[in-house]
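The values are calculated or read from the model by the stated rules, or taken from the named source; none is laboratory data. If you're wondering where the values come from, they're calculated on a predicted model, not measured in any experiment. Cβ sites come from the backbone with ideal geometry, for glycine too, and all protein chains shown count toward neighbours. Surface accessibility is based on the protein's heavy atoms, side chains included, excluding ligands, DNA and RNA. Shrake-Rupley method; radii C 1.70, N 1.55, O 1.52, S 1.80 Å.
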Amino acid sequence: MFQFKLVLLGEAAVGKSSLVLRFVKGQFQEFQESTIGAAFLTQSVCLDDVTVKFEIWDTAGQERYNSLAPMYYRGAQAAIVVYDITNADTLARAKAWVKELQRQASPNIVIALAGNKCDLASKRAVDDEEAAQYAEDNGLLFLETSAKGAINVNEIFIAIAKKLP
Ligand code: GTP
Ligand code: MG
């Protein structure tokens, strides 16, 4: 049994809590409440014959909570940085979080970039190939996800688990 600390970061309303709710409870809420401070949840995945337990810190994206983030990413072995594919500004914010993690978090942290709300294809504002290229250039895992449609949610956690030592 392996235990890893994982943190979610990203602009408010991109769907961090919704991804966690989908992963941990298999549920989705259309009116998910904005997180205050941070929330802590755990969930395990099985990989071949090992169990990987994630201790998940779901941080609050609202700007007034930004100064708390280091408390949650310090010592984390993995991070999911989330943006909303319908809002290009949220990708810019995600890139800033990646930079901060690369400077301040553990040097061998596994970072995944999640382009969430991929069910809203008609409102797309971020090209998936552009995001994939950015991820590749920066050594990040990358998947477009949908907490609502349960697309690539388990997959992103499993991809992280496979990259962890
Ligand atoms: P903060 O806690 O404020 O940082 O926000 P958050 O990133 O945790 O976002 P949250 O999970 O609260 O979701 C914000 C809104 O987006 C909610 O109304 C969700 O229902 C909606 N949402 C989240 N994920 C998806 C998705 O994959 N598709 C669609 N269509 N809506 C989503
Ligand atoms: Mg939240």
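Prolate is the label for the stretch 1-92, because the ratio a/c of its alpha-carbon gyration tensor axes (a ≥ b ≥ c) is 1.5 or higher and a/b is greater than b/c.
Each residue of the stretch 19-25 is assigned a 3J(HN,Hα), and the resulting list reads 5, 5, 4, 5, 5, 7, 10 Hz, derived from the Karplus form 6.51 cos²θ - 1.76 cosθ + 1.60 (θ = phi - 60°), x at Gly and Pro.
Calculation over all alpha carbon pairs of the chain in 5 angstrom steps from 0 returns a P(r) of 2, 9, 20, 24, 22, 15, 6, 1, 0 percent.
Give me the accessible area per residue for the chain, probe 1.4 Å, as a whole number in Å².
Details: 8390 Å² over 165 residues.
Using a 1.4 Å probe on heavy atoms only, each residue of the chain averages 51 Å².
Our summary gives the chain a relative contact order of 26 percent, counting only alpha carbon pairs under 8 angstrom and 6 or more residues apart.
Expressed as a whole percentage, what fraction of the accessible surface of the stretch 1-94 belongs to carbon and sulfur atoms when a 1.4 Å probe is rolled over the protein heavy atoms?
On the way: 2210 of 4560 Å².
Here it works out to 49 percent.
What residues of the stretch 1-31 lie in the reach of a label at ARG64, counting those whose backbone N is under 19 Å from a point 7 Å from the Cα along Cα→Cβ? Inside the label zone: 10-14.
Rounded, prolate or oblate: which one fits the stretch 92-165, using the alpha carbon gyration tensor with axes a ≥ b ≥ c (rounded when a/c is under 1.5, else prolate when a/b beats b/c, else oblate)? Cα axes put the stretch 92-165 in the oblate bin. Close amide H contacts of GLY10 (hydrogens built in the peptide plane, cut-off under 5 Å, sequence separation of 5 or more or a different chain): VAL82.
Mind checking the full-extension length gain between LYS53 and ALA150? Use 0.36 nm per residue of separation minus the Cα-Cα distance, one decimal, nm.
Working: separation 97, 0.36 × 97 = 34.92 nm, distance 2.02 nm.
Stretched fully, the LYS53-ALA150 segment lengthens by 32.9 nm.
Over 26 Å apart at the Cα level, from the set LYS5/LYS162; LYS123/LYS162; LYS117/LYS162; LYS53/LYS123, are LYS123/LYS162; LYS53/LYS123.
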